[in-house]
Amino acid sequence: MSTYLYRWGKLAFRRKWIVLPVWLIAVVLLGILGGTLGKPMADNFSMPDLPSARATDILDKHFPGVSDAYQADAVTGTYVVAAPDGQKLTDPANRSAVQAIIGDLGQLDIVDKSKPIANPIDVAEQRGCLADPDPARCTGAPLNVLSETAPDTVAVIEVPFTIEKFADVTDEDRDKAYEAAASARNAGLTVEVSGTIMINQEGPSGKSEMIGMAVALVVMIVAFGAVVAAFVPIATALVGLGAATSLIMLGTAVIEVPTFTTFLASMIGIALSIDYALFIVSRYKHELVVQESPEEAAGITLGTAGSAVVFAGLTVIIALGSLGIVGVEFMTFMGLGGAIAAAFAVLTAVTLMPALLSVLGRKLFKPKLPLVAQHDPEDDDAVTNGMRFGRLIGRAPWVALILSIVVLGALAAPATGLNLGLPGDDSMPKTSTIRKAYDLRTEGFGEGSNGVLNVAADLSGVPAGEREAAVEALRDKLASYPDMDYVTPAQWSENRQGATLNGVPKSGPNDQSTKNLVRDAREAEGELKAEYGMEYGITGTTAIYADMDHVLLSKIVPYLAIVAGAAFVLLILVFRSILVPLTAALGFLLSMAATFGATVLIFQEGAFGLIEDPQPLVSFMPIMLIGLVFGLAMDYQVFLVTRMREEFVHGKSAKESVIAGYHHGARVVTSAAIIMISVFGSFLLESDVTAKSFGFALAAGVLLDAFVVRMVLIPALLILMGKWSWWMPAWLDRILPDIDVEGAKLRELQQRSTETTETEPVGVR
């Protein structure tokens, strides 16, 4: 591979005025197509074959059309109304204001007029709950008549909309839905709206990417000691990210793509593009000094650093592309989005970069800045900080190994309390109407009212005379669980062969005790089926969340095995060693455990008060984090350890090769890691808590893996293992292809070229 990239590097360097226009045309064309043909993105967290689908099937059988409200792309809306302090909604003026909401909603063209909107106060009155709020009659009333502290102060109004799919909701629709309660607000009532009608799916704000790039620019100025060179990786990052984002947007023309796809693509695209460009420009800086021409320097750079970039990128693409194996649609798309961004990062590094190097030539590293990057890490005679630290590890490898394991282990401890959930109303910003509605409903009806369990019973196998007893037994069983607040009376189908009940837990949808309640309630089916012949299913937000959590957690081990196995094979090809890929994978497991622990500590437990509103971590974070950080970790492994192998192959001892490789690669890996951390960490500024937690987890993962695992633990292990680090069975060595990441064949190619030039007879040229 090194020879192919060497030749391409020289060709692109010479033909820069062909390469640059081709890239420009490609990016502009993709941008036009993506902007013109692209459609709005939509988040669909549905999964096939979930246990909650049983309830949907029963509803379709006995209550046609009712299950539509439980579809992932259904348009729903719930108005939560609260009376002013010291007043009740049943007061005449407030009651009139509530009725005004009903009337205003009925005038909206997006509201389904074939389904009358019930006034919650009238419903409570019809049940006799205003004069005598008996729990037997009033449980589940849309007015909080049973509240012990402030009865009749909060009500909910369910509104049916005519919009077929969530993706079809426009900003105008959201404004109409919210402003429909304006008259009630003017009358002094508090009215907030929850449901998918109010979800405004926005991509990243853009400020995070700008902050990340600003930090990256400063880091690269320090790394290169020059201003011009620092802008080249930024340029390739913008081109790569622009092309990747446009391609993703173009994909929305034919398929539905989750909004989070662009968020991941942005993080991955910026970070990897800058990383790879940094690695190549750093090597080019050295080759300019030792090669006879800038063109030759570009060729050697692509043949060596470019080879490492290709294989580092492949590990990221494998890790992200393999998310499709998990079998969860939205994760598949997010993984593909990240893989596309990674692919463009590699493409810009090995195709666009040599053309840019040609345009800038030797001016790339001018003007030089004083006091920074004074020592070239490629100069074997220079004593850099990397060499000093490498020697320190070499003197006490056991100490370095033990300290790194202790640090990672201590950080990993909180991961044992990991709690997962999906982004819901409770994870919205506190300033949003959805979150305000959630809090109002919690205040009036309890937190469990935000995550009702919808139980659908199929009684077709129960004798007609026993059906009421069977449903009552089901209700009693559900109500007997300590974590269940109450269960509403059953609603019967017309043929009396189906019934529905709503179970309201005491805790919220993402609380672990609620998920345990779903599990226990489902396990009770066997007993009731044996006694009555009744079958039932449980659906609703809470049940679906619990099902998805279980599915995603069950996929972690097989996904990790597939990704680690594929990367292990790839790294064997790169390092031609068995133990180096093995230690790379084991080191990753340690850094991953520590990353989970730190993220749980900050975002779930709210340690240090850094997060105002701690929440369970989003369910798909573990798998996504594993895929992303694994790919990035292998990047640093390739960048740092390939140079150690190169030194070992060229005659240095195992210990000397580690120190020399550390000397050559520490600055690049350190700079790349700082850039990654700044890019990912900048997403903490986003308002969305999911974006915040992802940004923190990725930044923490890079920090721990780069600075603790790759730059302390792995070098210490390699020194302790000595020459066995590079051992490979002879039979395996013979059958594996020699991809020559170290560029050994380039030296032979240059040597033959030099000998040919020296022996040519006069006049031949």
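The values are calculated or read from the model by the stated rules, or taken from the named source; none is laboratory data. Since we're looking at a predicted model, the values are computed, not measured. Note that each Cβ is placed from the backbone with ideal geometry, even for glycine, and that neighbours are counted across all protein chains shown. Heavy atoms of the whole protein, side chains included, go into the accessibility calculation; ligands, DNA and RNA do not. Shrake-Rupley method; radii C 1.70, N 1.55, O 1.52, S 1.80 Å.
Odds and ends about this structure:
- Hits in segment 417-436 (condition: farther than 20 Å from Met548 by Cα and either surrounded by fewer than 15 Cβ atoms within 10 Å (Cβ to Cβ) or not hydrophobic (A, V, I, L, M, F, W, C) (or both)): Pro429, Lys430, Thr431, Ser432, Thr433, Arg435, Lys436
- First in segment 225-237 and in a helix (DSSP H, G or I), second anywhere and charged (D, E, K, R), Cβ under 8 Å, 6 or more apart: Val228/Lys363; Val228/Lys366; Ala229/Lys285
- Taken over segment 169-191, the criterion of being open to solvent by 80 Å² or more (accessible area, probe 1.4 Å) and either more than 16 Å from Ala97 (Cβ to Cβ) or not in a helix (DSSP H, G or I) (or both) is satisfied by Asp171, Glu172, Asp175.
- Residue that is farther than 26 Å from Arg395 by Cβ, at pLDDT 80 or above and surrounded by fewer than 24 Cβ atoms within 10 Å (Cβ to Cβ), where the choices are Ile602, Ile611: Ile602
- Matching residues in segment 192-231 - criterion: being among the aliphatic types (A, V, I, L, M), open to solvent by less than 60 Å² (accessible area, probe 1.4 Å), modelled with pLDDT under 85 and over 24 Å from the mean Cα position of the chain (by Cα): Leu217, Val219, Met220, Ile221, Ala223, Ala226, Val227, Val228, Ala229, Ala230
- Of the numbered criteria (1) among the polar types (S, T, N, Q); (2) open to solvent by 10 Å² or more (accessible area, probe 1.4 Å); (3) more than 30 Å from Leu717 (Cβ to Cβ); (4) in contact with a helix residue (DSSP H, G or I) (Cβ under 8 Å, 6 or more places away or on another chain), the one Ser554 fails is (4).
- When the helices (runs of 4 or more DSSP H) confined to segment 420-536 are screened for residues that are without any contact (Cβ under 8 Å) to a residue 24 or more places away in the chain, out of contact with any Pro (no Cβ under 9 Å at 6 or more places or on another chain) and farther than 18 Å from Ile58 by Cα, those reaching at least 1 such residues are found at 433-445, 467-479, 525-532.
- Test: residue in segment 341-361 that is within 16 Å of the chain's Cα centre (by Cα), outside any helix (DSSP H, G or I) and surrounded by 22 or more Cβ atoms within 10 Å (Cβ to Cβ): no
- Cβ-Cβ contacts under 6 Å between residues 6 or more apart (or on different chains), taken from a first residue in segment 178-196 that is among the aliphatic types (A, V, I, L, M) to a second residue that is in a loop (DSSP other than H, G, I, E, B) and crowded, with 22+ Cβ neighbours inside 10 Å, are listed as Val191/Ala181.
- Under the condition of being within 41 Å of the chain's Cα centre (by Cα) and either open to solvent by less than 30 Å² (accessible area, probe 1.4 Å) or more than 12 Å from Val156 (Cα to Cα) (or both), the residues counted in segment 118-130 number 1.
- Verdict on Asp439 being under 30 Å from Leu684 (Cα atoms), of a type in the set (Asp, Glu), surrounded by fewer than 21 Cβ atoms within 10 Å (Cβ to Cβ) and modelled with pLDDT of 90 or more: yes
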